[in-house]
Structures are given as structure tokens and as C-alpha cells.
Amino acid sequence: MIEERCNHMIVYIQLNSGCTNELQAQQFNQNNEIKEYKGNNSNNMTNITMSPVPMWNDAYSLSENTIHHTTMSNGTMMSNSMMGQSLKSQSAKQVLDIPLLKSVSNTEMDTVPKYMKGRLTSLNVNVVIDGINIALENKYEILRKPRNLLKKKDQDMYNTWKIQQNNVGQGQYFVTADDISRFGETKVDKTTLNIIPILRHLKRLKESRTGGFVYYLPY
């Protein structure tokens, strides 16, 4: 009887050692498929194979091997922590949901009256569109930040935009000629002003004239 109980304890300890690794594996990655199979050794220990980790063994170290990596489409390896930061950045942009202007095609330019476009091409128009989009992105990136964390020059712009927002209406995205010149690296000259009516005609922009200012509102 004593000999049978001792043998039972030995077998239990051996199997329990294998179960410990199995429990760690299941807790560490519950969403991965766990495949169990009996090995060819004499003790019929349980080996666990998981994906994406190719093999778990008794030498597995939680502190050294818990960082998973994902191969990106360009071949770059990105850890879970890096992916989390990337997703967080993407989600921040999605929260802003800035209505950027779409580029103008040659077909659309053909619909613009000759007196309005003159010798302007879609290339000329898209340069201005790019400048407006850059201005929108930079402006609302600043407005998204807490005011007390901004630099002095950004705080001044922040205050000006808040006043202008009251004129345009809450929740309405807009830029001014100053915003386009400051952020979009596009000089608001006579050519640019001639392109604005084309953007209105193609339903890329709307204009709002309030308090002596002209505001450009994306559709």
C-alpha cells in the first residue's frame, strides 16, 4: 500500500510539473490555439505547441520571452507595445476626424467654366488643396492639446481661433488665409484667391464672411 502511494505521488509530481507550464501558457496567451500531444518519452509528459511562439519548454522564462513581435507588411518587426503606441496615434487622428479636401481630377476641371478657371489646371488647384489640408491638420492638432501645455505663440493662436470659432459656429471646421500661409506653406496670392471660387464650384470649400473676416469651411 505504501509503495503504491509513493508511486502515485511520483507520477503526480511529474505530471503536475508539466501542468504548471501548461497553466502558464494558457494564462499568457488565452486567444492562441493550444495543441496537446503525447511525447515519445517514457513519462508521457505533455508538450505544448502554440502560435506565434513555436515551442514552449521547461526553460521558458516569462521575463525574457513575453514580448511578442509581429512582422509588418514592409518587413519591419514591431512589438506589442510598439503596436499599441501606433494604434493609439491612429485612434487620436480618428477622434479628430478632420474633413480634408479631396484632390481635383482633370475630369472635374473640365466642368469648371472657362471664365472661372482661365489657364489654371488641376495641378494648380491641388497645390492649394494640399496647403489647406496641411493647415487644417496642424491647426486642429494644436487645438486638441491642453492650452497650458502649449508654447506662448501657440497659445496666442489658440485664443484667436476660439474667438473665431464663436463667429463661425461651434463644431464647424475652418481655416483662414493666415492659417493657410502659416501652416500650409502656400502664399495666399492672387492665383490662390482665383482658385477659391473653383473649390466652391466643385464643392470642396464654403465661405463664411463674419466680423470682417473670411473663413474657409470644408464640405
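Scanning segment 137-169 for residues that are more than 22 Å from the chain's Cα centre (by Cα) and aromatic (Phe, Trp, Tyr) gives Tyr158, Trp161.
Mind checking which residues of segment 156-209 are β-branched (Val, Ile, Thr) and in a loop (DSSP other than H, G, I, E, B)? Correct list: Thr176, Thr186, Val188.
Only a single criterion out of (1) free of Cβ contacts under 8 Å to residues at least 60 places away in the same chain; (2) within 22 Å of Thr121 (Cα to Cα); (3) not in a helix (DSSP H, G or I) is not satisfied by Tyr216, namely (1). Of the residues making up segment 136-150, those that are of a type in the set (A, V, I, L, M) and outside any loop (DSSP other than H, G, I, E, B) are Leu136, Ile142, Leu143, Leu149. Apart from one condition, Thr210 fits all of (1) polar (S, T, N, Q); (2) surrounded by 14 or more Cβ atoms within 10 Å (Cβ to Cβ); (3) in contact (Cβ under 8 Å) with a residue 24 or more places away in the chain; the exception is (2).
What do you reckon, is Lys153 in a helix (DSSP H, G or I), exposed (fewer than 15 other Cβ atoms within 10 Å of the Cβ) and not hydrophobic (A, V, I, L, M, F, W, C)? When the stated conditions are applied, Lys153 passes them. Find all pairs meeting these conditions: Cβ atoms under 7 angstrom apart; at least six residues apart or on different chains; first residue within segment 102-120 and surrounded by fewer than 11 Cβ atoms within 10 Å (Cβ to Cβ); second residue not in a loop (DSSP other than H, G, I, E, B). Pairs found: Asn106/Ser122.
Every condition in (1) modelled with pLDDT under 95; (2) out of contact with any Phe, Trp or Tyr (no Cβ under 6 Å at 6 or more places or on another chain) holds for Lys117 except the one numbered (1). Note on segment 168-181: among residues that are surrounded by 15 or more Cβ atoms within 10 Å (Cβ to Cβ) and not hydroxyl-bearing (Ser, Thr, Tyr), the one that is nearest to Val128 (Cα to Cα) is Ile180.
The values are calculated or read from the model by the stated rules, or taken from the named source; none is laboratory data. Just so it is clear, the model here is predicted, and its values are computed rather than measured. FYI the Cβ positions are ideal-geometry reconstructions off the backbone, even for glycines, and counts take in every protein chain you see.
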